[in-house]
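Trainee: The structure's right below; bear with me while I get my questions together.
The values are calculated or read from the model by the stated rules, or taken from the named source; none is laboratory data. Just so it is clear, the structure is predicted and the values come from calculations on it, not from any experiment. We place every Cβ from the backbone using ideal geometry, glycine too, and count neighbours over all the protein chains shown.
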Amino acid sequence: MRLGSPELALVVLGLPFASFLAIGLLRPLRRAGRPAAAVSIVAMAGALAVAVTMWWEAIPAAPGLNPSAVWSWLPADGGPMASVGVWVDDMAMQMCLLVTLISLLVQIYSWSYLADEPRASLGRYYAYQSLFAFSMLGLVLAPGFLQMFVFWELVGLCSYLLIGYWYERPSAARAAVKAFWITKLGDLGFTAGIVMLWAGAGTFDFWPLFQAAESGTLAVPALGVVMFLVYLGAVGKSAQFPLHIWLPDAMEGPTPVSALIHAATMVTAGVYMVARAHPLFALTPSVLELIAWNGAFTALLAATMACVERDIKRVLAYSTVSQLGYMMAANGAGAPDAAFGHLTTHGVFKALLFLGAGIVIHHFHTNDVFRMGGLFVQRPWVGGAFVVATLALAGVPPLPGFFSKEAVLAAVVEAHLSVPFVMLLVTSFLTAFYMFRVVFLAFFGHDQAHHEHAPPPLAMDTVCRVLAFITLALGGRALYALYVGHHAEEGPGWLSWISVTLAGAGIVLAWAVYQARAIDPARLAAALAPIDFLARRRYFLDAIFTGVYRIVLLGFSRVVGWVDRYVVDGLLNALSAGALRAGDLLRRIQTGHAQDYVYGVALGVLLLLVWAQLR
Amino acid sequence: MPLSAYLMLAALVFAIGFFGVLTRRNAVGILLGIELMLNAVNINLVAFSRFRGDVAGLIFTLFTIAITVAEVAVGLAIVIVIFRVRRTVEADHLDLLRG
């Protein structure tokens with residue numbers, strides 16, 4: 001274990017925040033557009049440089065050392081109720097590298113991609129981007145559940161703002177609201193979970209919690225329920241079944257935003273949180289098993305939907321859901337390192353896939369893969385980068401996706417989760433199939449865009465090349481590690497063969513169907529009719545959610561509305577009508593004749609006298 | 001004469017005044033009735049002062065007389081203003097505050 005310097009971590013955190021404040025508060029800068037973008041990019045580059053320095057200068061430490069530096073917050077009589085600070089261990093530092101790197105590349109890419117945007121909108125975009133990076137870094141470096149929750153919500157807010165960046169489009173606005181509400185549904189569980197944890201253990205901080213968990217002195221009643229609730233937060237954020245439905249709709253945002261959300265921020269937050277809190281989850285094997293099963297099921301479900309999707313960005317979105325399923329399965333199998341490894345490699349090549357898809361969409365002016373073709377000949381660099389990322393996603397050696405996916409599978413085998421393991425194997429076959437379906441349709445085949453296009457802007461092209469290089473470098477590093485014998489996750493020997501064979505089979509099938517046209521896609525679909533039928537309709541999950549919303553929630557609202565209108569309001573109306581009626585009766589006593597009042601006084605005195613006599 | 005005789009006189013004057021207040025239709029008559037009631041109180045005060053040998057009652061009476069004078073002045077002024085506005089001082093007709 002290595003520890004980084006908390007001061008550098010604070011600088012990493014502070015740079016994007018400073019950039020957000022500058023762009024957000026200085027109106028002329030925000031309205032200027034390009035200068036705001038430059039500020040944001042420079043701040044991000046600085047953050048990346050500091051993150052690299054932090055990683056470089058990290059000092060080795062004994063495993064029992066507290067990796068966090070905290071300051072007290074929320075003062076109370078019996079000591080502070082919560083603390084803020086930074087937690088700088090290996091995982092946090094690697095995640096910082098990933099977040100700053102992907103954010104920087106995405107921001108550079110956006111410089112060209114959003115070149116035609118109005119200047120004021122561009123300033124707004126970069127303000128959101130800076131805030132997004134800050135929120136995610138804060139989440140990554142959080143030393144306790146409370147700080148994590150604050151940044152967790154900020155991340156949700158930023159993704160809402162960025163998905164709804166083109167807010168004048170109704171579909172984008174709806175997708176943003178959907179993303180916000182669906183993740184909020186999971187956050188309800190997360191909130192309840194951490195509060196229950198706090199109520200039992202008396203602290204939000206990871207370090208005391210982990211210490212107690214390891215020594216077996218964690219006195220939290222119904223820990224299984226608590227951890228399940230905490231996991232619910234990850235279900236929403238990391239798009240696990242059944243709350244994955246927001247992610248494909250989130251494609252309404254600009255493509256660089258999709259890359260950012262899918263690769264480094266937002267969806268990785270859930271996986272990261274479960275990996276971070278693993279010492280606590282380890283105490284509840286049943287919850288872990290549920291996480292593994294649900295992860296594997298999510299992976300399979302999303303993969304089948306990706307196979308029938310025509311929109312290139314949605315295919316990538318489903319592949320993200322599927323890969324998140326892998327990571328969660330690894331988490332559930334008790335291997336947070338494998339989950340985190342897959343998270344980092346996936347972050348790099350998924351960003352590359354999305355940014356490449358941005359160029360593809362830019363080229364063909366459509367998202368429909370069936371109306372693309374032959375791009376590889378025209379743009380060999382883009383095509384090459386995309387194919388590298390696709391091979392990595394499909395899990396072909398020696399690319400990093402192969403190693404991280406194998407680590408996940410090995411962990412699942414070791415945990416004796418045979419059914420999830422089979423689901424993940426099938427998913428790995430499907431992954432290769434649907435990704436190469438996109439590759440063959442969009443990059444090979446005959447060109448369907450007959451008019452001449454300008455080459456993609458330099459910035460977009462360069463970013464893709466850099467990401468492809470990093471992907472290859474990560475693969476090379478994994479190979480080197482294997483060579484010198486430091487391969488961390490040692491799976492059974494047959495595992496590599498099976499996963500490579502399945503990936504190869506998927507690629508061959510995609511080639512046979514969409515490139516060689518040896519198999520008719522329609523016949524393939526007919527052979528798998530029930531799955532095809534369900535997958536095309538997204539397993540009716542959206543309909544179910546809508547139905548639940550319409551019937552249960554709106555029905556309940558209607559009942560509440562009726563009660564309010566007729567019972568509560570009726571009661572009040574009856575009261576006020578009674579008061580009016582009584583006043584109408586009583587006002588007749590007031591005759592206006594002074595002498596009548598004197599009679600009244602005399603009568604009163606007489607009655608008092610009588611009463612005094614009788615008493 | 002015993003104290004009870006004075007008290008009887010005071011009660012009689014008070015009752016006559018009260019009767020006047022209740023039954024007179026004219027606002028000036030009502031004011032006269034109030035005057036009688038106040039003076040019945042004065043009789044009581046003076047009688048008790050005499051029989052108990054205490055001057056406090058006498059001083060109190062002087063105050064009462066002064067206040068009564070002020071009250072009559074204000075009361076008659078109100079009656080005159082009412083007469084100017086409404087052209088009547090009949091109490092039965094003065095019912096603007098009727099609910």
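Trainee: Among the numbered criteria (1) without any contact (Cβ under 8 Å) to a residue 24 or more places away in the chain; (2) within 27 Å of A:Ile102 (Cα to Cα), which single criterion is violated by A:Gly253?
Mentor: (1)
Trainee: If the requirement is being farther than 30 Å from A:Glu168 by Cα and under 14 Å from the mean Cα position of the chain (by Cα), which of these qualifies: A:Leu290, A:Leu300, A:Leu232, A:Leu218? Please lay out each step first, then the result.
Mentor: On the way: A:Leu290 fails: under 14 Å from the mean Cα position of the chain (by Cα); A:Leu300 fails: under 14 Å from the mean Cα position of the chain (by Cα); A:Leu218 fails: under 14 Å from the mean Cα position of the chain (by Cα).
Criteria check complete, one pass: A:Leu232.
Trainee: Scan region B:41-76 residue by residue and report those that are among the hydrophobic types (A, V, I, L, M, F, W, C) and closer than 19 Å to B:Arg24 by Cβ.
Mentor: B:Val72, B:Val74, B:Leu76
Trainee: What residue, of A:Thr265, A:Thr255, is hydroxyl-bearing (Ser, Thr, Tyr), in contact with a Gly (Cβ under 7 Å, 6 or more places away or on another chain) and under 19 Å from A:Ala175 (Cβ atoms)?
Mentor: Going through A:Thr265, A:Thr255 in turn, just one is hydroxyl-bearing (Ser, Thr, Tyr), in contact with a Gly (Cβ under 7 Å, 6 or more places away or on another chain) and under 19 Å from A:Ala175 (Cβ atoms): A:Thr255.
Trainee: Further question on the same structure: Residue check: is A:Val195 of a type in the set (A, V, I, L, M, F, W, C), in contact (Cβ under 8 Å) with a residue 24 or more places away in the chain and in a helix (DSSP H, G or I)? Give the steps one after another, and end with the answer.
Mentor: Working: of a type in the set (A, V, I, L, M, F, W, C): yes; in contact (Cβ under 8 Å) with a residue 24 or more places away in the chain: no; in a helix (DSSP H, G or I): yes.
Taking the combined requirement at face value, the residue does not satisfy it.
Trainee: Just give me the residues in region B:3-30 being among the aromatic types (Phe, Trp, Tyr) and within 11 Å of chain A (Cβ to nearest Cβ), in sequence order.
Mentor: Within region B:3-30, B:Phe18, B:Phe19 qualify.
Trainee: Restricting attention to helices (runs of 4 or more DSSP H) lying wholly within region A:16-119, give those where 3 or more residues are aliphatic (A, V, I, L, M).
Mentor: A:34-56, A:90-113
Trainee: If you don't mind, there's one more thing I want to ask. Restricting to region A:263-317, give me the number of residues that are of a type in the set (Asp, Glu) and outside any helix (DSSP H, G or I).
Mentor: The total comes to 2.
Trainee: Considering only residues that are in contact with a Gly (Cβ under 9 Å, 6 or more places away or on another chain) and assigned to a loop (DSSP other than H, G, I, E, B), look in region A:375-423 and name the one that is surrounded by the most Cβ atoms within 10 Å (Cβ to Cβ).
Mentor: A:Gly395
Trainee: Also, quick follow-up: Given the residues A:Phe210, A:Phe180, A:Phe149, which is the only one that is surrounded by 20 or more Cβ atoms within 10 Å (Cβ to Cβ), in a helix (DSSP H, G or I), among the hydrophobic types (A, V, I, L, M, F, W, C) and at pLDDT 85 or above?
Mentor: Values: A:Phe210 fails: surrounded by 20 or more Cβ atoms within 10 Å (Cβ to Cβ); A:Phe180 fails: surrounded by 20 or more Cβ atoms within 10 Å (Cβ to Cβ).
Checking each option against the conditions leaves just A:Phe149.
Trainee: While we're here: Can you tell which of A:Gly341, A:Gly347, A:Gly374, A:Gly384 is small (Gly, Ala, Ser), over 25 Å from the mean Cα position of the chain (by Cα) and under 19 Å from A:Pro398 (Cα atoms)?
Mentor: When all the criteria are applied, what remains is A:Gly384.
Trainee: Are any of the residues in region B:47-62 more than 11 Å from chain A (Cβ to nearest Cβ), within 19 Å of the chain's Cα centre (by Cα) and under 21 Å from A:Val601 (Cα atoms)?
Mentor: Within region B:47-62 (the criterion being more than 11 Å from chain A (Cβ to nearest Cβ), within 19 Å of the chain's Cα centre (by Cα) and under 21 Å from A:Val601 (Cα atoms)), the answer is no, since none of the residues qualifies.
Trainee: Ok, one more. Any residue at all in region A:96-116 that is in contact (Cβ under 8 Å) with a residue 40 or more places away in the chain and charged (D, E, K, R)?
Mentor: Of region A:96-116, the ones in contact (Cβ under 8 Å) with a residue 40 or more places away in the chain are A:96-115.
Add one more test, that the residue is charged (D, E, K, R), and what stays is none.
Among the residues of region A:96-116, not one is in contact (Cβ under 8 Å) with a residue 40 or more places away in the chain and charged (D, E, K, R), which makes the answer no.
Trainee: Looking at B:Val13, B:Val72, B:Val55, B:Val46, which one is under 21 Å from A:Tyr597 (Cβ atoms) and not basic (Lys, Arg)?
Mentor: After ruling out the rest, the residue left standing is B:Val72.
Trainee: I'd like the full set of residues that are modelled with pLDDT under 85, within 18 Å of A:Leu104 (Cα to Cα) and in contact with a strand residue (DSSP E or B) (Cβ under 6 Å, 6 or more places away or on another chain), limited to region A:1-37.
Mentor: none
Trainee: Could we say that A:Val348 is within 21 Å of A:Phe444 (Cβ to Cβ) and among the β-branched types (Val, Ile, Thr) here?
Mentor: It is false that A:Val348 is within 21 Å of A:Phe444 (Cβ to Cβ) and among the β-branched types (Val, Ile, Thr).
Trainee: Checking B:Gly99 against (1) modelled with pLDDT under 90; (2) assigned to a helix (DSSP H, G or I); (3) in contact with a Ser or Thr (Cβ under 9 Å, 6 or more places away or on another chain), which single condition isn't satisfied?
Mentor: Going through (1) modelled with pLDDT under 90; (2) assigned to a helix (DSSP H, G or I); (3) in contact with a Ser or Thr (Cβ under 9 Å, 6 or more places away or on another chain) one by one, B:Gly99 breaks only (2).
Trainee: If I filter region A:453-468 for residues that are at pLDDT 80 or above, over 20 Å from A:Val348 (Cβ atoms) and assigned to a helix (DSSP H, G or I), do I get at least one hit?
Mentor: yes
Trainee: Go through region A:509-615 and tell me which helices (runs of 4 or more DSSP H), entirely inside it, have 2 or more residues that are over 30 Å from A:Trp181 (Cα atoms) and away from every other protein chain (no Cβ under 14 Å).
Mentor: In region A:509-615, the matching helices (runs of 4 or more DSSP H) lie at A:521-527, A:529-536, A:569-586, A:594-614.
Trainee: From the list A:Phe429, A:Phe436, A:Phe443, pick out the single residue that is in contact with a Ser or Thr (Cβ under 7 Å, 6 or more places away or on another chain), closer than 23 Å to A:Ile312 by Cβ and aromatic (Phe, Trp, Tyr).
Mentor: Testing whether each residue is in contact with a Ser or Thr (Cβ under 7 Å, 6 or more places away or on another chain), closer than 23 Å to A:Ile312 by Cβ and aromatic (Phe, Trp, Tyr) leaves just A:Phe436.
Trainee: Follow-up. What pairs can you find where one residue is in region B:84-99 and more than 11 Å from every other protein chain (Cβ to nearest Cβ), the other is assigned to a helix (DSSP H, G or I) and aliphatic (A, V, I, L, M), and their Cβ atoms are less than 6 Å apart, with a gap of 6+ or different chains?
Mentor: B:Val89/B:Ala27; B:Val89/B:Val79
Trainee: Right, here's the next one. Provide a single number: the residues in region A:73-121 that are crowded, with 17+ Cβ neighbours inside 10 Å, out of contact with any Pro (no Cβ under 9 Å at 6 or more places or on another chain) and among the polar types (S, T, N, Q).
Mentor: Number satisfying all stated conditions: 1.
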